[in-house]
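Engineer: Let me give you the structure first, and then I'll get to my questions.
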Number of protein chains: 2
Amino acid sequence: MSIARSRSVTISDVAQTAGVSRAAVSKVIRNAYGVSPAMRIRVEAAIAELGYRPSVAARALRGSSYRLGLEIPWVGARFMTQIVEGAQLAVDGTPYQLVLAPADGPAYGTLESMADGLVDGIIAVAPLTDAAWLEELATRIPVVMIGRHDHPQRYDTVVGDDTAGAGAVMDHLFELGHRRIVHLTEPEAVTAPGSGTPHAVRLQVYRDRMTEAGLADLIEVVRRDDSRAGTLAGTRALLARDDRPTAIFAGHDDIAMDALAGVAAAGLTGRVAVTGYDDTDLARHPLIDLTSVDQQGVEMGARAATMLLERLQGRTEPRRHAAATTLRVRGSSGRPVG
Amino acid sequence: MSIARSRSVTISDVAQTAGVSRAAVSKVIRNAYGVSPAMRIRVEAAIAELGYRPSVAARALRGSSYRLGLEIPWVGARFMTQIVEGAQLAVDGTPYQLVLAPADGPAYGTLESMADGLVDGIIAVAPLTDAAWLEELATRIPVVMIGRHDHPQRYDTVVGDDTAGAGAVMDHLFELGHRRIVHLTEPEAVTAPGSGTPHAVRLQVYRDRMTEAGLADLIEVVRRDDSRAGTLAGTRALLARDDRPTAIFAGHDDIAMDALAGVAAAGLTGRVAVTGYDDTDLARHPLIDLTSVDQQGVEMGARAATMLLERLQGRTEPRRHAAATTLRVRGSSGRPVG
DNA sequence: GCATGTTTGTAGATCGGTCTCCATGTGTAA
DNA sequence: TTACACATGGAGACCGATCTACAAACATGC
C-alpha cells in the first residue's frame, strides 16, 4: 500500500476557494497595496481553511526565498554555537528563516550552493576564502562575513578585536610572571601572515609581545594538526621537555581543551597555565575553569544577521562591526610553577 | 557607487553559447538519455566558459532541489555534532547537499518551512512532535526521524536502544554498590510516560530497575529546567542534604556536565558518581572523564541520511534502525563514598 | 452631469529550470 | 529500395509564485 504523495495546496486553490484571482491572493499574503478589508478576510479564510503555505521555490524564482544562509566551518566548534544563537535572535520576528550549512575549508562549494538560489543572503565564517572571490560573490547576493580583518567593498564584516584580545592574554600572563609562553594555534594555512584571519592576528600579537618583552628567543608556536590525537601528542612532547613552557596561550577554547587534556595527561594539571579564546560555555565549567577572551560571539552573530537584513533592505555601502573583547580570568591561569 | 546586482547565467545563455536548445542543456546537466558525445562536449564547454550553475529555485519548482534538510533542536547540544557529522558523511559523494535548520520545541514551524520546497527530504530530531502530524507531513515529503520509539507508517526512524543503554548504566551503578541513585533528566514534557521519547524510556528503565532492586522508595527524579543556573541550583540542593545521592544518572552528557558542575561546586568532585549518555567528545576529556553510553551517534546520522536517500529513490515501506549501545566506563563513576 | 482621480481586482508575462512529446536523421533488415 | 527501429535534438507546456499594466467601479469637485 503505497501512498501517493499528495500535491500540496497552491495559490490557485486558494484563489478558487476564495473566489478571487491568484494575484489577489498574492497581494494578501505579501501585505501589498490594493486589498480591500472584505477581500482580505475572504482570502485569509480560504488560506486557513486549506492550510495553504506558499512554495519557497516558486517565490525564490521570482523574488526572495526569505531564507538567510549561515555557513559555519564545523558544527562542533563551540564558538559557532554563540554565532548561531545570536543570528537566530536577530532573525526572530522577521519573515526570514535561518538556514545553516556546514562547510569545509574555504567553503567555496557551500557558498556557491547557497547562492544558487537557496537563500536571499549569506552570513559566513570563512577566514580562508579569497577576498576577490568574495567580492564577486557579493555582486550576486548580499554577504556578511564573520571573522575577517579585510576591508571589502561589497560585503560587510563582523570581527572581534583580536589585537586587544590577544594583547590582554599576553598582558595577563606576563603579569603573572610567565616568560616561557607557547602559542598553540591552528595549522599554517589559517595563520599565514597578512592573511588577516583572526588567528593570524593573534599569532602576530603573541610574537610582537614576546619580542617587546625581550623574550624573542622563547617564541614557540605549536600548531594543532587535523587530528585531536596529533595535538595531544604535540602538547605532551612539549611538556615532557626540561624547559617546558609555564603557560600555553591557545588560539581558541577548543584548542585550549586539547591543551588542558595534554597537560592533564602529563600529570601537570594546575602547574601549567592555559588560556583560551571565545569564552565558550565550557570555559565557565568548574572542572575546566578556563581563562578566556570573551569577544561577544552572540552579539557578533546578531550583528551579522542585522547587517544582512539591512542589505536586503537596500543598503550597499559596506559596514564593519568590531566587537569589543574582555578577558575572563579564571583558575586555569595561575602563576608559573617549577 | 552602487553596483547593480549582476543577473546570473541561465540555462538559456548556455544554450545560446553552445548553439543548442535549452532542453539539450538540461539533458546534459541531468545526465539524461539522448545526448550525443559531441553535443555533451559542446555544452560542457559552454557551461565551463560561462561558469553556469543551475538555479536551485527553478529546479525545485519542477523537480528536486537536491537539498536534504536536517532539523536539530539546538546547535549547542553535543550529541547533534555526531548526528550532523554522520549525515554529512553519508551525503558526501551524492548530488545532495545537507542543510541544517535549528528549531525550538516540537519544531512544527521549522519542519513546515523546510517542506515548503526548500528541500527534497527531511531528517529531524524532534521527539515531541505529534506522530499523526508527522504522518501527514510524510505524505508530502520523505521524512526520517531520529530518536523516536514509535512505529510510523510513512516515515523511517533511527533510534538508539535506550532500554539497553539505560539498563547498562543502572547495572554498572548497582555493581559499584550504589543504591541512592538520582536520575537527572529533561523537563516533564520531554519525558512524559508513553511519549516514546528516548528520555522517557531512560526514565522508565531507571524506575523499573530501582523497583526491581527493592529501592523503590529511593527513586528520585530531578529535572533540569530551562536554565543552566536552575539545574545547578537543583543539583546543589540535592547534594546539600544529609541523605545525598551517591550517584547521579544523567539523561545525557550535557546534563551530566551540569551535574558535574554542581558536584564540583559542592566540593564533592570524585565523591559522587556521575554518568552521562551519548558518549560525546567531552566525555573522553581527561578533566571530565565521564562514564557514558555510546549509542553511535555518527552511525545514527549516517543511517538516517542513507534511509532518506533510499526514500528519494522510491522506497515507501517504513524502515527502522536501532543502534546498539555500549557503556564506556570512565573515572566519573566510582564506588559510593561516605 | 461630466471630467477626473482613487480604489480595487484581474489578466497575463515572467522567473529558470524539467519533462513530455514530436520531428528528423541514421542504421539495419527484408 | 523500402520499411522500420532507434538515436538524437528541439518545441513548448508546466511548476507556483510575483508583479506590471490595465480595466472596472466608485468617489469627488465643479
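Engineer: With (1) over 17 Å from A:G160 (Cα atoms); (2) surrounded by 15 or more Cβ atoms within 10 Å (Cβ to Cβ) as the list, and A:H199 as the residue in question, which single condition is left unmet?
Structural biologist: For A:H199, the exception is condition (1).
Engineer: Taking the stated definitions as given, is A:S26 more than 14 Å from chain B (Cβ to nearest Cβ), exposed (fewer than 15 other Cβ atoms within 10 Å of the Cβ), under 42 Å from the mean Cα position of the chain (by Cα) and within 7 Å of DNA strand D (Cβ to nearest atom)? Walk me through how you get there before you give the answer.
Structural biologist: Numbers: more than 14 Å from chain B (Cβ to nearest Cβ): yes; exposed (fewer than 15 other Cβ atoms within 10 Å of the Cβ): no; under 42 Å from the mean Cα position of the chain (by Cα): yes; within 7 Å of DNA strand D (Cβ to nearest atom): yes.
Considered against the rule, which asks whether it is more than 14 Å from chain B (Cβ to nearest Cβ), exposed (fewer than 15 other Cβ atoms within 10 Å of the Cβ), under 42 Å from the mean Cα position of the chain (by Cα) and within 7 Å of DNA strand D (Cβ to nearest atom), A:S26 comes out as no.
Engineer: Mind checking which pairs have a first residue in region B:7-23 that is near DNA strand C (Cβ under 6 Å from one of its atoms) and a second that is of a type in the set (K, R) and not in a loop (DSSP other than H, G, I, E, B), Cβ under 8 Å, 6 or more apart or different chains?
Structural biologist: Within 8 Å, the pairs are B:I11/B:R22.
Engineer: In addition: Looking at region B:67-83, which of the residues that are under 17 Å from B:L111 (Cα atoms) and among the β-branched types (V, I, T) is nearest to the other protein chains (Cβ to nearest Cβ)?
Structural biologist: B:V75
Engineer: Select from region B:7-23 the residues that are exposed (fewer than 12 other Cβ atoms within 10 Å of the Cβ), within 13 Å of DNA strand D (Cβ to nearest atom) and under 24 Å from A:T139 (Cα atoms) and list them in ascending order.
Structural biologist: B:S12
Engineer: Which of the residues that make up region A:157-195 are within 21 Å of A:A216 (Cβ to Cβ), surrounded by 19 or more Cβ atoms within 10 Å (Cβ to Cβ) and among the hydroxyl-bearing types (S, T, Y)?
Structural biologist: Of everything in region A:157-195, those that are within 21 Å of A:A216 (Cβ to Cβ), surrounded by 19 or more Cβ atoms within 10 Å (Cβ to Cβ) and among the hydroxyl-bearing types (S, T, Y) turn out to be A:T185, A:T191.
Engineer: As an exercise: evaluate A:A213 against (1) surrounded by fewer than 16 Cβ atoms within 10 Å (Cβ to Cβ); (2) under 21 Å from B:D289 (Cα atoms); (3) away from chain B (no Cβ under 14 Å); (4) not charged (D, E, K, R) and give the number of the one condition it does not meet.
Structural biologist: Of everything listed in (1) surrounded by fewer than 16 Cβ atoms within 10 Å (Cβ to Cβ); (2) under 21 Å from B:D289 (Cα atoms); (3) away from chain B (no Cβ under 14 Å); (4) not charged (D, E, K, R), A:A213 misses just condition (2).
Engineer: Something else about it: Output the residues belonging to region A:261-290 that are over 14 Å from A:G251 (Cβ atoms) and in contact (Cβ under 8 Å) with a residue 60 or more places away in the chain.
Structural biologist: If the condition is that a residue be over 14 Å from A:G251 (Cβ atoms) and in contact (Cβ under 8 Å) with a residue 60 or more places away in the chain, then A:G270, A:R271, A:V272, A:A273, A:D281, A:L282 are the ones that fit.
Engineer: Mind listing whichever residues of region A:150-170 are assigned to a strand (DSSP E or B) and not charged (D, E, K, R)?
Structural biologist: At the first step, the residues of region A:150-170 found to be assigned to a strand (DSSP E or B) are A:156-160.
Within region A:150-170, A:T157, A:V158, A:V159, A:G160 qualify.
Engineer: Let me ask something additional. Of everything in region B:90-138 that's part of a loop (DSSP other than H, G, I, E, B), more than 13 Å from chain A (Cβ to nearest Cβ) and touching a residue at least 60 places away in the same chain (Cβ under 8 Å), which residue is farthest from the chain's Cα centre (by Cα)?
Structural biologist: Selected residue: B:T94.
Engineer: Moving on to the next point. Being in a loop (DSSP other than H, G, I, E, B) and more than 19 Å from the chain's Cα centre (by Cα): is that true of A:T269 here? Give the steps one after another, and end with the answer.
Structural biologist: Working: in a loop (DSSP other than H, G, I, E, B): yes; more than 19 Å from the chain's Cα centre (by Cα): yes.
The answer is yes for A:T269.
Engineer: Would region B:72-79 turn up any residue that is within 27 Å of the chain's Cα centre (by Cα), away from DNA strand C (no atom under 13 Å from the Cβ) and of a type in the set (K, R)? Break it down stepwise before answering.
Structural biologist: Initial filter on region B:72-79 (within 27 Å of the chain's Cα centre (by Cα)): B:72-79.
Within this subset, residues satisfying the condition of being away from DNA strand C (no atom under 13 Å from the Cβ) are B:72-79.
With of a type in the set (K, R) added as a condition, the list becomes B:78.
Yes - at least one qualifying residue is present in region B:72-79.
Engineer: Could you list, ordered by first residue, the pairs with Cβ atoms under 7 Å in which the first is in region A:51-66 and touching a residue at least 60 places away in the same chain (Cβ under 8 Å) and more than 9 Å from chain B (Cβ to nearest Cβ) and the second is part of a helix (DSSP H, G or I) and of a type in the set (A, V, I, L, M, F, W, C), at least 6 apart or interchain?
Structural biologist: So the pair list comes out empty.
Engineer: Within region A:251-266, which residues are small (G, A, S), within 14 Å of another protein chain (Cβ to nearest Cβ) and within 14 Å of A:D279 (Cβ to Cβ)? Let's see the steps before the verdict.
Structural biologist: The first filter runs over region A:251-266 and keeps only residues small (G, A, S), leaving A:251, A:256, A:259, A:261-262, A:264-266.
Those still in the list that are within 14 Å of another protein chain (Cβ to nearest Cβ) too: A:256, A:259, A:261-262, A:264-266.
Passing the criteria: only A:A256.
Engineer: For region A:31-81, what are the residues that are near DNA strand D (Cβ under 10 Å from one of its atoms), assigned to a helix (DSSP H, G or I) and touching a Gly at 6+ places or on another chain (Cβ under 9 Å)?
Structural biologist: A:V56, A:A57, A:A58, A:R59, A:A60, A:L61
Engineer: So, in region A:303-336, of the ones that are among the polar types (S, T, N, Q) and outside any loop (DSSP other than H, G, I, E, B), which residue ends up surrounded by the fewest Cβ atoms within 10 Å (Cβ to Cβ)?
Structural biologist: Going residue by residue through region A:303-336, those that are among the polar types (S, T, N, Q) are A:306, A:313, A:316, A:325-326, A:332-333.
Now drop any that are not outside any loop (DSSP other than H, G, I, E, B), which leaves A:306, A:326.
Details: A:T306: 21, A:T326: 14.
Checked region A:303-336; the qualifying residue surrounded by the fewest Cβ atoms within 10 Å (Cβ to Cβ) is A:T326.
Here's the yes/no breakdown for (1) small (G, A, S); (2) under 30 Å from B:D258 (Cβ atoms); (3) within 10 Å of DNA strand C (Cβ to nearest atom):
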site	(1), (2), (3)
B:K27	no, no, yes
B:G34	yes, no, yes
B:M39	no, no, no
B:I47	no, no, no
B:Q82	no, yes, no
B:E85	no, yes, no
B:G93	yes, no, no
B:Q97	no, no, no
B:A115	yes, no, no
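Engineer: Could you list, in sequence order, all residues of region B:139-148 that are in contact with a helix residue (DSSP H, G or I) (Cβ under 6 Å, 6 or more places away or on another chain), at pLDDT 95 or above and in a loop (DSSP other than H, G, I, E, B)?
Structural biologist: Matches in region B:139-148: B:P142, B:G147.
Engineer: Considering each residue of region A:171-222, count those that are of a type in the set (S, T, Y) and part of a helix (DSSP H, G or I), and give that number.
Structural biologist: Within region A:171-222, the subset of a type in the set (S, T, Y) is A:185, A:191, A:195, A:197, A:206, A:211.
The next check asks that each one be part of a helix (DSSP H, G or I); those that pass are A:191, A:206, A:211.
Going through region A:171-222 one residue at a time, the tally reaches 3.
Engineer: If the requirement is being among the small types (G, A, S) and touching a Ser or Thr at 6+ places or on another chain (Cβ under 8 Å), which of these qualifies: A:G109, A:G117, A:G34?
Structural biologist: Numbers: A:G109 fails: touching a Ser or Thr at 6+ places or on another chain (Cβ under 8 Å); A:G34 fails: touching a Ser or Thr at 6+ places or on another chain (Cβ under 8 Å).
That would be A:G117, the only listed residue that is among the small types (G, A, S) and touching a Ser or Thr at 6+ places or on another chain (Cβ under 8 Å).
The values are calculated or read from the model by the stated rules, or taken from the named source; none is laboratory data. Given the structure is predicted, the values throughout are model-derived calculations rather than measurements. Because the Cβ atoms are built from the backbone with ideal geometry, glycine has one as well, and the counts that use them run over all protein chains shown.
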